[in-house]
Structures are given as C-alpha cells and as structure tokens.
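Okay, structure first, notes after.
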Amino acid sequence: MKTAVVIGATGLVGTQLVHLLLADDRFNKVIVFGRRSLGIDNAKLEEHLINFDTPDAWQHLVKGDVFFSTLGTTLKQAGGQNAQYKVDYLYQYQFARAAAQNEIPVYVLVSSPSASPDSVIFYSRMKGTLERDVKRLEFPSTYLIQPGLLYGDRKEERTGEKLAYKVLNFLSTVGVVTKYRPIHGKVVAQAMINAGVAAAPGVHTNTLEGVFNLAGVEHS
C-alpha cells in the first residue's frame with residue numbers, strides 16, 4: 001500500500017481528493033499539509049499544520065509514495081497578482097522541490113489547459129512556469145492534470161464561475177472551446193488518484209479528455 005502526500009486539501013478538488021484517498025484501499029496513509037485542520041477523524045489521516053513561509057520547518061516531513069498538489073487561489077481571494085503568485089507558484093514549487101529531494105517518485109499536479117510559460121496572460125504564464133519548473137525536477141513519474149472549468153460544492157460563492165459554467169457548457173456542446181468544458185471536482189480527484197497509482201515513467205500531460213479517461217468516467 002502507498003502513502004499519499006497532499007497540499008491544497010481544503011479546496012474543491014483537494015477536499016474530494018482527501019475523502020477518496022481515505023476510502024481507497026490502495027493507500028494506507030494520507031499526509032496533509034495545511035494551515036488549518038480538516039476536522040476529519042480517520043486513522044489513515046496524518047495532518048501537519050504549517051506556515052508555508054517557513055519551508056525549513058516542514059520540508060523534511062514531505063515523504064511518501066505519491067505527491068498530490070491541488071493548491072491554488074484566485075486573484076480576488078489573494079488580493080493581487082503577487083499574492084496569488086506566492087500561493088500558486090512559490091508554495092507549490094517549494095513543496096515539489098522538497099518532494100523531489102526526499103525522493104517521492106510520483107508527482108501529480110492540477111494545472112490549467114491554458115498553461116504556458118510564454119503566455120502574455122498572467123494566470124496562464126504562472127501555471128506554465130510551474131509546469132516547466134516541475135518537469136526540471138525530474139520525478140520518475142509526473143502527471144500534469146489540465147481540467148476544464150471546475151465545478152462542485154464550494155465553501156464560497158463564485159457568481160462569475162456559475163455564469164462561466166453555463167456559457168462553457170453550452171459552447172462545448174457545439175464543438176467550441178471543448179478543452180475548457182466543465183468537469184466535476186470529484187472526477188478530477190479520481191483521475192489524480194488513478195494517475196498516482198499507475199505511476200507510468202516520464203511526464204504525462206492530461207487535458208480534459210485525458211482526465212476523464214484517467215478517472216474511468218464516460219463523457220459525451
């Protein structure tokens with residue numbers, strides 16, 4: 001059985017990921033790093049409440065078989081580009097580097113279908129830069145998960161996201177912007193777990209169709 005390491009466990013995908021991992025017999029331990037407790041009573045769960053700004057205090061604890069990263073925030077939540085970059089790039093990269101140094105063999109990252117280090121769009125460039133730098137860490141197995149618009153039960157309201165869901169869902173049915181088609185957070189989480197267990201050597205970039213396939217979910 002395997003040990004999973006997770007960051008971003010309180011978000012839409014991360015919440016689903018932790019619950020699925022705890023119910024998955026292929027994993028006997030789930031180690032979560034975060035600022036606050038999940039409030040879950042489960043013998044498989046090990047929580048480390050940390051300050052992300054002090055990696056020297058926690059990086060030696062980043063040990064396991066599969067590292068899952070679902071950490072992220074929005075520009076509005078962060079309060080500006082610098083603050084969002086800190087969460088979506090710096091914190092993620094620091095954890096990825098610690099995982100590589102501690103010889104975790106499999107790294108699974110939720111990214112974006114628009115990720116490109118050369119993009120003129122801040123968000124896409126940030127995501128692309130993280131993907132590029134993670135690849136350079138040369139994990140034996142790396143999965144870059146690029147879902148479309150995520151939907152599901154969120155702890156906070158996102159009115160703009162609801163509108164985007166309706167628009168993108170319609171456009172995808174007529175063959176437009178299909179890679180941004182909405183996908184449920186639980187499907188993404190299951191795809192991540194299956195990827196982590198498969199642990200195929202090399203770097204694997206999975207756009208929307210690949211995410212559905214990894215999850216074993218049929219889609220039209």
When (1) touching a Ser or Thr at 6+ places or on another chain (Cβ under 8 Å); (2) part of a loop (DSSP other than H, G, I, E, B) are applied to Asn28, the one that fails is (2)
Given the conditions (1) part of a helix (DSSP H, G or I); (2) crowded, with 17+ Cβ neighbours inside 10 Å, which single one is not true for Asp56? (2)
Tell me yes or no: at least one residue of the stretch 62-81 is surrounded by fewer than 13 Cβ atoms within 10 Å (Cβ to Cβ) and aliphatic (A, V, I, L, M). no
Being assigned to a loop (DSSP other than H, G, I, E, B) and surrounded by 14 or more Cβ atoms within 10 Å (Cβ to Cβ) is the filter here; which residues of the stretch 35-53 pass it? Leu38, Ile40, Lys44, Ile50, Phe52
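Just name the residue that is surrounded by the fewest Cβ atoms within 10 Å (Cβ to Cβ) out of those in the stretch 152-194 that are at pLDDT 70 or above and within 17 Å of Ser114 (Cα to Cα). Quick ask: steps written out before the conclusion?
The first filter runs over the stretch 152-194 and keeps only residues at pLDDT 70 or above, leaving 152-153, 180-194.
Now restrict to residues that are within 17 Å of Ser114 (Cα to Cα): 180-183, 188.
Working: Tyr180: 21, Arg181: 21, Pro182: 19, Ile183: 22, Val188: 28.
That would be Pro182.
I'd like the full set of residues that are over 18 Å from Leu137 (Cα atoms) and either surrounded by fewer than 17 Cβ atoms within 10 Å (Cβ to Cβ) or modelled with pLDDT under 95 (or both), limited to the stretch 195-209. Spell out the reasoning first.
Step one: filter the stretch 195-209 for residues over 18 Å from Leu137 (Cα atoms), giving 195, 197-198, 206-209.
Passing the criteria: Val197, Ala198, Thr207, Leu208, Glu209.
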For the stretch 66-156, give me every one of the strands (runs of 3 or more DSSP E) that falls completely inside it and has 1 or more residues that are in contact with a His (Cβ under 8 Å, 6 or more places away or on another chain) and of a type in the set (A, V, I, L, M, F, W, C). 141-145
Considering only residues of the stretch 101-139 that are of a type in the set (Ser, Thr, Tyr) and either free of Cβ contacts under 8 Å to residues at least 12 places away in the same chain or in contact with a strand residue (DSSP E or B) (Cβ under 9 Å, 6 or more places away or on another chain) (or both), which is surrounded by the fewest Cβ atoms within 10 Å (Cβ to Cβ)? Ser119
Looking at (1) touching a helix residue (DSSP H, G or I) at 6+ places or on another chain (Cβ under 7 Å); (2) assigned to a helix (DSSP H, G or I), find the lone condition where Leu22 falls short. (1)
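Could you tell me whether Lys63 is under 25 Å from Ala100 (Cβ atoms), of a type outside the set (Val, Ile, Thr) and in contact (Cβ under 8 Å) with a residue 24 or more places away in the chain?
On the way: under 25 Å from Ala100 (Cβ atoms): yes; of a type outside the set (Val, Ile, Thr): yes; in contact (Cβ under 8 Å) with a residue 24 or more places away in the chain: yes.
Spelling it out, Lys63 is indeed under 25 Å from Ala100 (Cβ atoms), of a type outside the set (Val, Ile, Thr) and in contact (Cβ under 8 Å) with a residue 24 or more places away in the chain.
The values are calculated or read from the model by the stated rules, or taken from the named source; none is laboratory data. Note that this is a predicted model, so its numbers are computed, not measured. So basically every Cβ, Gly included, is an ideal-geometry build from the backbone, and we count neighbours across all protein chains shown.
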